[in-house]
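To start, the structure under review is shown below, and the notes come after it.
The values are calculated or read from the model by the stated rules, or taken from the named source; none is laboratory data. What you are looking at is a predicted structure, and each value in this text was computed from that prediction instead of being measured. Positions of Cβ are generated from backbone atoms using ideal geometry, with glycine treated the same way; all protein chains shown enter the neighbour counts.
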Number of protein chains: 2
Amino acid sequence: MPGIIKERLFTPGPTPLLMEAQARTLTAANVHHRTEAFRKIMSETLSLLKYYYDTPNDVLIFASSGTGAMEGSVSNLLSPGERMLVGTAGKFGERWFGIAEAYGIEAVKVESPYGRPVNIEAMKQKLASEGPYRAVFIQATETSTAVMNDVRALGEAVKNYPETALVVDGITGLGTSDLRVNEWGLDILIGGSQKAVMIPPGLAFVSVSEKAWGLIAKSRLPHFYFDFSKERKNQAKGETAYTPATTLVIGLHAALEYIRKIGRENLIANAALLAEAARAAAQALGLKLFAESSPANAATAVCAPAGMDSGAIVKELRTRFGAVIANGQGSMKGQIFRLAHLGYYDMPDLFAFFAALEVSLLKLGHKVELGSSVRAAQDVYLRHAG
Amino acid sequence: MPGIIKERLFTPGPTPLLMEAQARTLTAANVHHRTEAFRKIMSETLSLLKYYYDTPNDVLIFASSGTGAMEGSVSNLLSPGERMLVGTAGKFGERWFGIAEAYGIEAVKVESPYGRPVNIEAMKQKLASEGPYRAVFIQATETSTAVMNDVRALGEAVKNYPETALVVDGITGLGTSDLRVNEWGLDILIGGSQKAVMIPPGLAFVSVSEKAWGLIAKSRLPHFYFDFSKERKNQAKGETAYTPATTLVIGLHAALEYIRKIGRENLIANAALLAEAARAAAQALGLKLFAESSPANAATAVCAPAGMDSGAIVKELRTRFGAVIANGQGSMKGQIFRLAHLGYYDMPDLFAFFAALEVSLLKLGHKVELGSSVRAAQDVYLRHAG
């Protein structure tokens, strides 16, 4: 049907942009990075990132996607001949192995099937009986399956190994779940700009603990661009070793000010509320959730009805209503779709999405009671709202 | 509840902005209006306005709100001692009398109660028996009551009086309803920028027929800024007599390109679909529509439930969900609320609005079957959609 169809991102990154932050970047096109003005912005942004991370640890910014920071975490911590332990339960967990292979590092795997969280007990056993490992790697939230891992339990375990760092990919976990960097011992925590911080892709963040800095000092794997120690020295002065992505940093500054205004804990509570409402809404339509337990707050993975390709749902939502969701990745493609609610999303976004999903499923031949999933989401809102 | 609440305009002006058009204005801050570059933009914009108006008549742009063009229509057409005939059924119709009074012009009134359309038969009788009138004034859509007037019937009648011009306030009617400028004899048709053309306030438009130009040539009321003849000469060259609102013109150019791309008729069909869905949704909640007949496509006026102040609904929607709707004006304040769907609105906007309205009404003590109004809107969509 012709007419107005607005594009609305419901993908787990990129996420809807905070327009105030975008507007700020537009007036900053002439900022040069080797100036006092930019050093001030950079320093303030790093302080705001510490608020966002809720940690006094160093936090560094790289002009790269999150994967760059994942690679840097390996190449800054390990040395030839050392081993790493990886807990994986999805496509992003699998990425650690590609990095390890590129650097000739042996990566020991603890793997759960897609849709389940990583088995932390199994990781603890490996740590105790098959060590030493220089570092342990895990996703806070595995975005490909929309499952949350028990990072706290893993952190408590890794704390007992003074020569082992815990590296957490918090790219979609940050700003959507409670991650206590210092209390839980998250030595390196990785974030990305196109997620809950509501700005476009192009920046990665890492927080680095004192324990991690000690291990980094001993590492002998090659790295140049992703040199955490070099950036630590530069960023302490509001500088960067190489050219920073100035407009993204300025946008990040504005977005983090917004997050500080609404409160980091409320950003997380917002994602948790939307996630609970999304699960209730999907189930009201008779759809099965892909995560059997420990669902993520960042996104919800929903199984397509039997006999229906999830790609058809993705397409129908896009062409009819401009709503963009993510298909499954790898072997999950066609089986599931993923609806995000991390960052700049609110309840009316979710109401609109599920009303559109109902119509789309109906058009694809699924039996739908119109309005029923919206009602389920409203009920969740009413249970939590004042 | 803390968290993310996005502000969403559901007001009948300003309306949601087309961000592509806004982005275009940002890069144009350095354009000077007395240049070939701006003359080209201005000329193209005037051509696009003719497409939007669907007329070969002259169309002029003024840096003013729509009221300026309403005043100009009086001051360019009439002379001292001449009379005007006004059809009114709401707050915007009443504005003509303030203008007439300011210029010492006798304005004869044909008035319908709020919520009804103007009685065109009564206007025809006045034309036939109590003339002559130099001009006849009416709203295509009376925004204060969300009622559409039968401009076509009035146009057919006024055509019979060669010394009488028909002036139509199409500020919210343009882009939301079928207005056939030449076929129906709409001698002056007024538009505004913050309506269906999706840009901010600050511009008014007028189309002027050959018949109107003939009468304008004889007019002797004072005017200087709103001088239609002077602007006709200037704008034919892509210029303006006084400084134009350059960034708004550039935004208008971009927005009209978008409208040409989706099709003017589809912009109107979009508003008509949303209006039909809005009426069905409101009625599904047991709410009474304020317009007893001839509801507008631009906005829907809904009566508050008995014993409830519509201002409470406005406030609840705003604080809970960031949804901004309009209260009633004048004596309608507290009695009705007005939900707009002109310009850059789509079905998911409406789904989100009604889900939020349901929750808000429930919180205010109205009995609501959650999801029911969303379902009614979905049903309307499904009846029309392929």
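Some observations on this one:
- Residues in region A:263-296 that are of a type in the set (Gly, Ala, Ser) and outside any helix (DSSP H, G or I): 6 in all.
- Restricting the first member to region B:364-385 and to residues that are on the phi > 0 side of the Ramachandran plot and facing chain A (nearest Cβ under 7 Å), and the second to residues that are surrounded by 14 or more Cβ atoms within 10 Å (Cβ to Cβ) and not in a helix (DSSP H, G or I), the beta-carbon pairs closer than 6 Å and six or more apart or on different chains are B:371/A:371.
- Some residue of region A:210-222 being small (Gly, Ala, Ser), in a strand (DSSP E or B) and surrounded by 20 or more Cβ atoms within 10 Å (Cβ to Cβ): no
- Every residue from region A:319-334 that is within 13 Å of another protein chain (Cβ to nearest Cβ) and part of a helix (DSSP H, G or I): A:319, A:320, A:321
- If only residues of region B:335-348 that are in contact (Cβ under 8 Å) with a residue 60 or more places away in the chain and at the interface with chain A (Cβ under 7 Å from one of its Cβ atoms) are counted, the one that is nearest to residue B:198 (Cα to Cα) is B:344.
- Top-ranked residue in region A:19-31 [being touching a residue at least 60 places away in the same chain (Cβ under 8 Å) and more than 27 Å from residue B:196 (Cα to Cα); ranked as surrounded by the fewest Cβ atoms within 10 Å (Cβ to Cβ)]: A:29
- For region B:319-347, taking the residues that are of a type in the set (Ser, Thr, Tyr) and touching a Pro at 6+ places or on another chain (Cβ under 7 Å), the one that is surrounded by the fewest Cβ atoms within 10 Å (Cβ to Cβ) is identified as B:344.
- Total residues in region B:259-276, condition away from every other protein chain (no Cβ under 11 Å) and buried (at least 23 other Cβ atoms within 10 Å of the Cβ): 1
- Residue match in region B:308-318 (condition: surrounded by fewer than 23 Cβ atoms within 10 Å (Cβ to Cβ) and within 14 Å of chain A (Cβ to nearest Cβ)): yes
- Every residue from region B:76-91 that is among the small types (Gly, Ala, Ser) and either under 24 Å from residue B:113 (Cα atoms) or buried (at least 24 other Cβ atoms within 10 Å of the Cβ) (or both): B:87, B:89, B:90
- Residue match in region B:111-127 (condition: under 23 Å from the mean Cα position of the chain (by Cα) and without any contact (Cβ under 8 Å) to a residue 12 or more places away in the chain): no
- Complete set of residues in region A:19-54 that are of a type outside the set (A, V, I, L, M, F, W, C) and either in contact with a Phe, Trp or Tyr (Cβ under 7 Å, 6 or more places away or on another chain) or part of a loop (DSSP other than H, G, I, E, B) (or both): A:20, A:27, A:30, A:32, A:33, A:34, A:35, A:54
- Among the residues of region B:5-18, not a single one is in contact (Cβ under 8 Å) with a residue 60 or more places away in the chain, within 24 Å of the chain's Cα centre (by Cα) and part of a helix (DSSP H, G or I).
- Elements of type strands (runs of 3 or more DSSP E) in region B:57-128, at least 1 residues being closer than 30 Å to residue B:244 by Cβ: B:58-63, B:83-88
- Residue A:230 being farther than 12 Å from residue A:59 by Cα, crowded, with 21+ Cβ neighbours inside 10 Å, of a type in the set (D, E, K, R) and not assigned by TED's automatic domain parsing to the domain that holds residue A:344: no
- Test: residue in region B:46-64 that is away from every other protein chain (no Cβ under 14 Å), within 25 Å of residue B:168 (Cβ to Cβ) and in contact with a His (Cβ under 7 Å, 6 or more places away or on another chain): yes
- Across region B:327-379, the number of residues qualifying as under 24 Å from the mean Cα position of the chain (by Cα) and over 22 Å from residue A:8 (Cα atoms) comes to 12.
- Filtered by the rule that a residue be of a type outside the set (S, T, N, Q) and surrounded by fewer than 19 Cβ atoms within 10 Å (Cβ to Cβ), region A:239-258 gives A:239, A:241, A:242, A:257, A:258.
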